[in-house]
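Inspection log for the structure reproduced underneath, given as structure tokens.
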Amino acid sequence: MYYNPFFDPTMIIVIPGLILAMYAQAKVQSTFARYLRVASRSGLSGAAVARSILDSEGIEQVEVEMIEGNLTDHYDPRTKTLRLSPQVFSGTSLASLGVAAHEAGHAIQHYAGYIPLNIRNSLVPVANFGSTLAFPLFFIGLFFSYTMVKIGIYLFAAVVLFQLITLPVEFNASRRALAALQAGGYISQSEVKGTRAVLDAAALTYVAAALMGLLQLLRLLMIAGVFGRRDD
């Protein structure tokens, strides 16, 4: 059968994922911007809070440093470095403290041997490889080799698995963050709602990515089914 790349009815499958992804991106940007303007009562910076949370867990070997960009915050388990964007590193807002504590939560997961995080980290190489080659192999294979189609599907399935495992990792880091912020007295009870709003908005982006991945995988499987009778 002939595949027409200019008319692909299976694209309709991914529309719900696209809508959620756009909403999630807008939500995280607007929520972060809103609570970036709400100063925390503690007056501590994100870097100071992250450092304090890590020290309270006995994780003194993790460095906290600044990285350029907006919402580029992350924990790097390879170098044992917690990197915070300028607004989070130096900021004293509820958004700054929430994001900093969330990344500290990932470092705590690492040192606690949190199993979903270990699984996710082990999948990083294959997920990166799959996100680069899955679609080219799949669509080239439609015209040349069904074996390439299957390889493309397997690679993209690994990407989706990575996205799914990311969900409990991110949710758990947010729970650890909120608990640490409250236990350490970095935020008051009245500030919990705003901090949680920042963390929930960020989590929604991961939910959207996982849904988009699942829908894309379903789309590829449907296309593969249409061309499944082709011989190599």
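Values in this text are rule-based calculations from the coordinates and carry no lab data. These numbers come from a predicted model, not from an experiment. Using ideal geometry, Cβ is built from the backbone for each residue, glycine included, and neighbour counts are taken over all protein chains shown.
Worth a mention:
- Modelled FRET efficiency - R0 22 Å, residue 33 with residue 183, Cβ distances, 0.05 increments: 0.20
- Per-residue [θ]222 nm for the chain (sum of -39500 (n - 2.57) over DSSP H runs n ≥ 4, rounded to 500): -24000 deg cm²/dmol
- Whole-Hz ³J(HN,Hα) from phi, Karplus 6.51 cos²θ - 1.76 cosθ + 1.60, for the stretch 159-169, glycine and proline x: 5, 5, 4, 4, 5, 5, 5, 5, 4, x, 5
- 3J(HN,Hα) along the stretch 210-215: 5, 5, 4, x, 4, 5 Hz, from the Karplus curve 6.51 cos²θ - 1.76 cosθ + 1.60 with θ = phi - 60°, whole Hz, x for Gly and Pro.
- Working ranking of peptides 110-119, 134-143, 60-69 by packing, defined as the average number of other Cβ atoms within 10 Å per residue, highest first, is 134-143, 110-119, 60-69.
- Bridge type composition, the chain - antiparallel percent by DSSP, nearest 5: 50 percent
- Modelled FRET efficiency - R0 22 Å, residue 222 with residue 140, Cβ distances, 0.05 increments: 0.75
- Modelled this way, with points 7 Å down the Cα-to-C-beta line, the labels at residue 78 and residue 60 are 2.8 nm from one another.
- Using a Förster distance of 22 Å, the FRET efficiency for residue 167-residue 41 (Cβ separation, nearest 0.05): 0.10
- Remark: spin-label model distance residue 119-residue 214 equals 1.5 nm, labels positioned 7 Å along the Cα→Cβ axis.
- Counting other Cβ atoms within 10 Å as a rough exposure proxy, the listed residues 27, 150 run 150, 27 from fewest neighbours to most.
- Extension gain for residue 157 to residue 15 (0.36 nm times residue separation, less C-alpha to C-alpha distance): 49.2 nm.
- Once the chain from residue 25 to residue 67 is taken as fully extended at 0.36 nm per residue, the excess over their C-alpha distance is 13.0 nm.
- C-alpha center-to-center spacing [the stretch 7-36, the stretch 69-98] in angstrom: 23 Å
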